[in-house]
Amino acid sequence: MDSITTLLQNNERWASRLQAEDPEFFERMEEAQKPPFLWISCSDSRVPANQIVDLEPGQLFVHRNIANLVVHSDVNAQSVIQYAVDVLHVEHIIICGHYNCGGVKAALDNDTLGLLDHWLGNLRDIFEAHKEEISRINTEQGKVRRCCEINVKAQVFNVSQSPFVQKVWRDNRSLSIHGLIYDLHDGRLKDLGITINESISASDYLGK
Ligand SMILES: [Zn+2]
């Protein structure tokens, strides 16, 4: 699995198999997309969006970046959110983090990584705000694990602060933002129980 030829051969086999199983599959894909979910997750190759929730093409509108961050000034992420809520009218936005996240680990280390430090600075700010809780955890692995969860919670809140999300709620439309975390160890997704369904203040949400 190290050449473009392999990818093209895999694609041919995949498309042929789908066509054989469901002759109208690609005709349906040509119609406008109407995915019910916006899925925001890490770029990590071990966390493939559609595969881990066993969904076919057309079901997830996806945005991925290192450590599944939603930064207010990130025009890319905010454009995805705007399109998802304004045009696709998704009613569920999912932040899917994962344990053992390399981005989270790098943010906890103090190594200098170049441009990536600007991105990881968003994580370092979050962990600074939780430093007392993090310092009480005895093991490095435990710290990383908890920080992966803390990050998902912070990103769920960040999505809720998007002006496009706030407008949906002002218009009395239904929109839920969920925080899930994926365990590389056993392939299971866990709902962190931190869903936001309406406009909420930082002190009410992050203080919980
Ligand atoms: Zn990651």
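Bear in mind that the values in this text are calculations on the coordinates, not laboratory data. These numbers were taken from a predicted model, which means no experiment stands behind them. With ideal geometry, Cβ positions are generated from the backbone for all residues, glycine too; neighbour counts draw on all protein chains shown.
Give, rounded to the nearest 20 debye, the magnitude of the charge dipole that the chain has about its Cα centre when Lys and Arg contribute +1 at Cβ and Asp and Glu contribute -1 at Cβ.
The calculation lands at about 580 debye.
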| Among LEU60, LEU206, LEU38, whose Cα sits farthest toward the positive end of the charge dipole of the chain (+1 at Cβ of Lys/Arg, -1 at Cβ of Asp/Glu, about the Cα centre)? | LEU206
| task | Would you pull out the residues with amide H under 5 Å of PHE37's amide H, same chain only if 5 or more places away, H placed 1.01 Å from N? | result | PHE61
| note | Listed by chain and number, the lysines with an alpha carbon less than 22 angstrom from that of LYS167, same-chain partners under 8 positions apart left out, are LYS34, LYS153
| field | Antiparallel DSSP beta bridges within the chain, percent to nearest 5 | value | 20
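Over the chain, what is the mean sequence separation of C-alpha contacts under 8 Å (at least six apart), divided by residue count, expressed as relative contact order in percent?
On the way: 284 pairs, mean separation 41.4, N = 208.
Computed over the chain, the figure is 20 percent.
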| query | Can you run phi through the Karplus equation (6.51, -1.76, 1.60; θ = phi - 60°) for region 61-69 and list ³J(HN,Hα) in whole Hz, with x for Gly and Pro? | reply | 9, 10, 10, 10, 7, 5, 6, 6, 9
| Tell me, what HN-Hα J-couplings in whole Hz come from the Karplus equation 6.51 cos²θ - 1.76 cosθ + 1.60 at θ = phi - 60° for each residue of region 156-167, using x for Gly and Pro? | 4, 5, 4, 4, 5, 8, 4, x, 6, 6, 4, 5
| Sparse-neighbourhood loop sites, trypsin sites (Lys or Arg not before Pro) in region 105-137 - DSSP loop, at most 14 other Cβ within 10 angstrom | ARG136
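Give the Kirkwood hydrodynamic radius (Å, one decimal) of the chain, defined as one over the mean of 1/r across all pairs of different Cα atoms. Don't skip to the answer; put the middle values down first.
Working: mean 1/r = 0.0538 Å⁻¹.
That comes to 18.6 Å for the chain.
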